[in-house]
Structures are given as structure tokens and as C-alpha cells.
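Presented below is the structure to which this report refers.
What follows draws every value from the coordinates through simple rules; no lab data is involved. Just so it is clear, the structure is predicted and the values come from calculations on it, not from any experiment.
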Amino acid sequence: MRGFLLTLCSVLFLSFITACSSETSVETNGANNSEEADGGILKILLSEEPSSEDALNNSFKKWAEETGNKVDTIVIPYDDQITKFPLMLKNDDVPDLVSTTRLTRLYPEEFLDLTDVVDIGIFDQAALEIIGQDYDSDSNLALPNQYTITSYFYNADAFEEVGIEVPTIDDPWTMDELISNAQKLKDSGDVNYGLAVDFSRGRYDNLMYSNGGSITQETEDSFVVSINSEENVQTLENFVEWNETDLMPKVIWTGGSTDNPADYFKNGDVGIYLSGSWEYSPMYEEITAFDWGVMPSPIGSLQQSAIAGGGGLGIPSSAENPELAKEFLEWFYKEDNYVEFLAQDKGISFINGVTYEPEDEKVIADYEILQAEMKNVTDRFLVDEKSAWRNYLDSEYRDVIKRAVSGELTAKEALDVFANDLSEKSDWEIAN
Amino acid sequence: MSKNSRNHRVFWLFIAPSGVLFTIFFLIPLFLNLILSFTNYDGWKQMDFIGIENYVRVLQDKEFYSAFFRSIIYTIVNLPFKVAIPLLLAVLLTSPKVRFKTLARTLIYIPVLLSALVMGITINWMFSQEYGLVNFIIQQLGGSPLEWGSNVVLATIVISVASTLMTTGFFMIIYIGSINNLSSDIYEAAEIDGANSVQKFISVTFPLLAPTTFLVTLLSTIDLLKEYALVQGVTQGGPGTGTTYTIQYIFDKGFNQGEYGYATAISAIVMIVFAIIAYVQFKTNQGGEKY
């Protein structure tokens with residue numbers, strides 16, 4: 001009896017192991033068979049689940065239809081890519097093409113130089129640098145697929161109701177005017193909040209740059225940390241006050257909720273919303289209950305500020321099908337294909353001489369303002385980008401702002417904490 | 001083969017499956033964790049031996065102490081609810097005077113079946129400040145919406161309620177099992193002595209359930225000290241760092257900031273402290289055999 005039980009257990013165990021092995025093998029064979037039958041399979045890594053309106057995803061679809069290839073999509077949000085990508089490399093299971101904002105900066109040795117894949121001269125040089133985030137070498141590890149600019153959206157119906165005149169490119173508001181008008185909007189009761197700002201340091205930093213602040217300053221041969229300067233402390237104190245007085249929805253920046261300010265704006269609960277051009281297309285599709293538009297950035301104590309950014313496409317060195325990825329890039333940047341992509345994306349063009357020409361009068365007016373914001377990208381932002389401070393600390397910066405807004409730290413304490421941490425990690429001194 | 005030798009073989013045959021799983025999923029990770037805690041591993045290519053540097057850093061880390069003491073206070077405040085509510089429900093739902101007992105037990109047990117993260121996300125939606133169900137109801141009743149997401153006390157209350165809700169069913173079932181095993185002779189004797197229901201509960205039921213209460217207390221303590229997925233779903237550690245407990249802090253250091261070596265050192269220290277807490281509980285209650 002004992003012998004029978006032992007034999008039975010052994011047989012069951014071996015069957016289990018064999019079953020697991022067979023499953024893997026079937027999956028692998030399945031993939032190989034379809035590759036042989038229908039052309040190549042391009043494995044791509046995207047940051048979010050592609051919708052039917054997603055311009056890049058539609059480009060992938062069109063390329064697949066035209067060439068007979070297939071596209072296999074993996075979705076990992078930008079923030080998670082940082083921790084998941086190394087695991088993919090370790091497991092030797094990397095995608096052929098990644099759409100990313102930071103991977104090529106964090107793991108440059110793991111990506112192919114794309115300089116010879118397409119004619120680099122076609123790209124807007126600023127877009128190439130800002131998206132590639134590589135200021136020290138001549139290589140191009142990420143080619144643009146989205147070029148964005150921060151922007152202020154406004155609820156046109158609420159503005160009209162309160163009698164607020166919309167600022168223009170030639171006559172922008174000051175920051176004081178923006179706050180005063182946001183307060184009027186809130187007081188009118190037409191909206192619940194006068195102003196909302198995305199829970200992102202990339203949006204908050206506009207307030208800092210417009211007041212003459214920066215995170216770092218360039219010295220002769222290095223950088224110094226200037227995040228805890230007096231003007232930055234003042235900027236953060238103002239920001240905390242706007243949250244404290246409910247001019248802004250405080251819950252967004254205290255971090256105790258997943259509330260999305262874009263939803264607040266789309267629901268008509270916010271008068272002015274600081275976000276970015278990437279929100280334009282979704283808003284255009286989704287907001288039908290009220291009129292809205294884009295307005296120029298306000299002038300802080302020094303100047304206007306906008307932050308350019310975006311995403312790029314990179315090919316990992318250990319990709320299984322790098323040639324297929326290169327084929328896609330060549331196809332994607334051909335003028336006809338790019339123009340079609342841009343029309344759907346309604347974004348800022350990153351190829352010289354090719355612009356998006358909308359038909360809708362409203363979109364034309366908004367697009368003009370978005371394009372004009374490009375000139376408000378400050379030198380201090382470019383210095384901060386060049387310093388690559390985010391290679392040392394990143395989410396920690398937003399965390400200290402969060403702690404200041406929630407009242408755990410004063411504005412000065414919060415920025416001092418971050419300045420000390422950044423200085424320690426980077427070996428840069430703190431500016432006097 | 002002697003009977004003793006055969007019993008030994010049977011013993012190891014029964015132990016083997018759990019022993020293998022214990023080794024794979026606990027001992028090996030524990031060993032790797034301890035090795036990594038002496039390195040500056042960044043999750044990628046950097047992994048140099050740095051001695052006890054991480055441990056020294058943990059002991060000087062104010063943020064770690066804040067998160068740790070927040071966990072302790074959260075545990076102390078919530079523990080009585082985690083133990084008392086299932087006990088009272090079990091007593092109620094074993095009483096012959098109560099109707100629909102099976103239905104009530106089932107309803108109370110349902111939250112146990114949900115994953116903590118799913119529960120957290122659902123609670124997060126319900127308590128969303130602007131568009132949440134609870135604030136909607138409060139406003140419909142003429143009240144002002146509450147700042148669930150930006151007030152530390154309210155955020156902690158939400159997590160605490162959700163946490164208790166998630167475990168009440170499980171502990172209630174354990175208590176019901178124990179109550180059903182209590183001898184009816186003792187209750188009859190108590191009735192003859194003229195004890196009323198409350199006196200019977202205090203003098204008979206509660207003392208006899210001591211081993212079960214010890215088990216529930218121990219499991220609840222460890223659960224509360226390790227609270228992670230629920231917090232991640234509800235508040236993500238906010239507002240500020242108001243609900244950032246020890247495990248969130250370890251996760252943040254390791255997976256968000258890439259300081260795997262440091263995070264493993266914190267884990268090692270925290271594991272030792274948690275083990276000491278469990279040991280003290282065990283000794284204090286004499287393993288539940290005190291009464």
C-alpha cells in the first residue's frame with residue numbers, strides 16, 4: 001500500500017511538471033508559427049492601454065496592415081517602467097521598441113544609437129534634446145513620438161459668466177491676475193475651485209521658473225543645488241496657501257487620494273487647469289457640456305514659463321527583432337505617415353517644416369497658443385535638464401512638496417530636506 | 001522496520017511538502033534578503049559589499065522611525081476592534097435567540113474573500129473627496145463633504161474601518177468554532193448559580209475562549225504591523241506621509257527609489273522587532289493557556 005502511494009505521488013508530481021513544461025512549449029511554438037506565416041512580430045512597450053483614438057497605436061496598426069507584420073503590445077506605465085525594465089533585461093525578455101520618457105536616460109548602455117536609422121536632421125533640435133535627455137554625447141537613443149508643452153486650460157463658460165476676459169499671447173496675465181481671477185471664479189460658485197494643477201513636479205515647476213527659481217545652477221565645471229533658494233521657498237509658500245484656502249482642490253497635492261484634476265476640469269468643477277498639451281485631444285473628444293480653451297502662461301515675478309517634454313521611441317540593444325523596430329521607425333517618420341499621426345495626436349510637431357493644420361477654428365486658436373508657449377521654455381529649465389538631477393532623486397521632490405501642502409513640513413523645511421538629499425546624492429554643493 | 005522508524009518516515013512524508021514550500025518561499029528569500037542588506041544593491045548593476053552601513057543608516061533614519069512608530073500606534077489603536085468585534089459578533093451569531101444567522105455570517109465573511117488591494121481601491125472610490133459615494137450621501141443629507149483624503153485622522157479612520165471589515169469575518173468564524181466547542185454543562189451550572197447573560201459571557205465564555213483570543217490577537221497584531229496593500233489602495237500613504245507605515249516605507253525605498261540594499265536592511269530589522277513583539281505576546285499569554 002505504501003509503495004503504491006509513493007508511486008502514485010511520483011506519477012502525479014511528474015505529470016504536473018510535464019504539464020507545466022508543455023504549456024510553455026505550446027506558447028512558444030505558437031508565436032514562432034505565426035511569425036513564420038505572417039511576417040515578423042514587433043514587440044512594443046507602451047505606457048498606457050491604447051485607445052481607438054491613440055495616434056501612436058493607430059500608426060502601429062497601419063504599419064502592421066501595410067507590411068504584413070504583427071504588433072505585440074505590453075503596457076507598463078512610465079513610472080513602473082523604471083523598475084520593470086531591468087527585470088526584463090535580466091530575464092532576456094525585452095521588447096523590440098519602447099515608448100518611454102526616461103529609460104534611455106537611466107539605462108543608456110542598453111539602447112541602440114538611432115542616429116543612422118533615420119535622418120536626424122529632420123527633427124526639431126530642441127525636441128530631440130529634451131526628449132532624448134542626453135546632453136553629453138552625440139548619440140540619439142530615443143527618437144520623438146510625442147512632443148508636449150505644459151499649458152493652462154480654462155472653462156470658457158465660467159469665464160463668461162463671471163465676466164473675465166481671456167488673456168492673449170500679446171497680453172498675458174501676471175500670476176497675481178491669474179490668482180485673483182481664479183478666486184473670482186471660485187467665489188462666483190460657478191466652479192468649485194478656481195485653479196487645479198496636475199500632481200506632477202513638471203507642472204509645479206512652472207511656478208518656480210516663472211518666479212526666477214531653479215533646482216540647480218550651472219557652475220564652471222559642475223552644478224550647485226539651488227532648490228531651497230528664497231524665491232523657491234516663497235513660491236512653495238504661495239502654493240501651500242492656495243491649497244489651504246481651497247482655491248485649489250487640496251486633496252490632489254496632499255497625496256491621500258487618487259483624484260485626478262483632469263476629471264475635475266472635465267466635469268466643470270475647475271476654472272483654470274494647469275496641465276499639458278497631451279490633454280488637449282482627450283478633452284476635445286470628451287468635453288461637450290461647456291466651452292473651454294487654452295490660454296497663455298502667466299508672468300511670474302520674472303517671466304512666463306512653460307516646460308517642454310514628451311516621449312521617445314528607443315530600441316533595446318538586446319531586442320530580438322531590432323531590424324523590425326528600425327523598419328517601423330523609418331516608416332513612421334515618412335512625411336505622409338507622420339502628418340496622419342500628427343493630425344490625430346493634435347500635438348506639437350517635432351519634425352521641421354511639418355505642422356498640424358487643424359480645420360476647426362477653435363482648435364486653430366488653441367494650437368496657436370500651444371505653439372507660442374514653446375518660446376516660454378526657460379533657460380533655467382534647460383540647465384536643470386542638463387544637470388540630469390533626476391538621475392539622483394526624482395519622485396522624492398514631489399514627495400516633499402506633498403508634505404509641505406499637507407502641513408507636515410513648512411515650505412522651507414521641505415525644500416531644505418530635498419536640497420540636502422540631492423546634494424548628498426549628487427556631490428553638488430548647495431548654493432549660498 | 002520498527003513501528004518507531006515507520007512513524008518517523010510518515011512524519012517526514014507529511015512535513016516534506018510544507019517544508020519544501022517553506023524553504024522556497026521563506027528561508028531562501030530570507031537568506032537572500034540578509035545578504036542584500038550588506039550591499040548597496042540598486043536593483044540593476046551596482047552591488048558592492050558595504051558592511052553594516054545600511055544598518056547604521058536605518059538606526060539614524062528619522063523617516064523610518066516616524067513610519068515605524070506610526071505603525072505601532074496604528075496597531076495599538078486598531079487591535080481592540082480587530083479582536084472585540086469578531087468576538088461579539090460570534091457570541092451574537094451563536095445565540096439561539098438570533099434569526100438569519102447563516103445569512104449574517106455569509107455577509108460578514110464576504111469581505112474576507114476580496115483581495116486587500118481590490119478592497120482598498122473600492123474604499124478609495126467610496127471615500128473620494130470630490131466624487132465619492134460617502135460624500136455624495138452626506139451632501140444629499142444636507143451636510144458638508146468631509147476631507148477623507150487630506151485629513152490624516154479621517155484617512156486613518158477609513159483605513160482602520162476597512163482593515164477591520166476585511167478580517168472580521170475570518171476571526172468571527174474562528175470564534176464561532178470555539179464557542180460551539182464549549183461544554184453546555186458549564187453554562188447550565190452558571191444558570192443554576194443564577195448568572196445572567198452578561199455574567200455568563202464575562203465569567204464563562206471569555207475566559208474559556210482565551211486560547212482563541214490569543215490566536216486572534218497574535219494574527220491581528222502581525223496583520224496590522226504588516227498593513228500594506230489596503231493602504232496602497234486607499235491613500236497610497238498620504239496625506240503627506242500620514243498613513244505611510246513601515247511596509248510602505250520599505251516598498252518606497254526599494255521599488256520606487258531603487259535602494260534595494262537599504263530596504264532589505266530595514267526589512268531585517270523590522271522582522272526582528274515584529275518577531276520580538278509576537279514572542280512577548282506569546283509569553284505574556286502563555287500561548288493562550290493562561291486561563
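Where only DSSP H runs of four or more residues are counted, the protein assembly as shown gives -17500 deg cm²/dmol as its mean residue ellipticity at 222 nm, each run worth -39500 (n - 2.57). Treating the angle as unsigned and between 0 and 90°, give the value, to the nearest 10°, between the Cα long axis of helix A:411-426 and the longest Cα principal axis of chain A. Compared with the principal axis, the helix lies near 40 degrees.
Relative to one another, the C-alpha centroids of region B:58-123 and region A:270-317 are positioned 43 Å apart. Checking the cross-link pairs A:LYS425/B:LYS226; A:LYS43/A:LYS84; A:LYS412/B:LYS226 against a 26 Å limit on the alpha carbon distance flags A:LYS425/B:LYS226; A:LYS412/B:LYS226 as lying beyond it. When chain B is treated as a Gaussian network with alpha carbon springs shorter than 10 Å, the biggest mean-square fluctuation among B:PHE11, B:PHE81, B:PHE100 belongs to B:PHE11. Mind telling me which of A:GLN234, A:GLN146, A:GLN304 comes out most flexible in a GNM of chain A, alpha-carbon contacts under 10 Å? Residue with maximal mean-square fluctuation among A:GLN234, A:GLN146, A:GLN304: A:GLN234.
Can you give me the angle between helix A:361-372 and the longest principal axis of chain A, using Cα atoms only, in degrees from 0 to 90, rounded to the nearest 10? Compared with the principal axis, the helix lies near 90 degrees. Once Rg and the Kirkwood radius are both taken over the C-alpha atoms of region B:36-112, their ratio Rg/Rh works out to 1.36.
Candidate cross-link partners of A:LYS386 among the aspartates and glutamates, defined by an alpha-carbon separation under 12 Å and a same-chain spacing of 8 or more, comprise A:GLU129, A:ASP134, A:ASP136, A:GLU218. Find how many whole Å separate the alpha carbon centroid of region B:242-278 from the alpha carbon centroid of region A:359-423. A separation of 29 Å, based on Cα centres. Diffusion coefficient (Stokes-Einstein, Kirkwood radius over C-alpha pairs, 37 °C, 0.692 mPa s) for region A:361-404: 249 µm²/s, rounded to a whole number.
As a test, work out the antiparallel percent of DSSP beta bridges whose residues both lie in the protein assembly as shown, rounded to the nearest 5. Don't skip to the answer; put the middle values down first.
Numbers: 25 of 40 bridges.
Rounded to the nearest five, the antiparallel share is 60 percent.
In region A:144-258, inverting the average of 1/r over every pair of distinct C-alpha atoms gives 16.1 Å as the Kirkwood radius. Within the same chain, aspartates and glutamates fewer than 8 places from B:LYS82 are excluded, and of the rest, those with a Cα less than 16 Å from its Cα are B:ASP223, B:GLU227.
How fast does the protein assembly as shown diffuse by Stokes-Einstein, in µm²/s, taking the Kirkwood radius from C-alpha pairs at 10 °C and 1.306 mPa s? It comes out at roughly 53 µm²/s.
Once the Cα atoms are used to define both axes, helix A:2-38 deviates from the longest principal axis of chain A by about 70 degrees.
For region B:71-175, just run the numbers: alpha carbon Rg, then divide by 2.2 N^0.38 Å, N being how many residues it has.
On the way: Rg = 15.8 Å, N = 105, 2.2 N^0.38 = 12.9 Å.
The reported ratio for this selection is 1.22.
In plain terms, if you count all Cα to Cα distances in chain B and split them into 5 Å steps from zero, the share in each step is 1, 5, 9, 11, 12, 13, 13, 11, 9, 7, 4, 2, 1, 0, 0, 0, 0 percent. Counting only residues at least eight positions apart within a chain, or on another chain, the lysines with an alpha carbon under 28 Å from that of A:LYS266 are A:LYS184, A:LYS186, A:LYS250, A:LYS346, A:LYS362, A:LYS375, A:LYS402.
Could you check how many percent of all C-alpha pairs in chain A are farther apart than 34 Å? Each step should come with its number before you reach the end.
On the way: 36600 of 93096 pairs.
Looking at chain A, the distances longer than 34 Å represent 39 percent of pairs.
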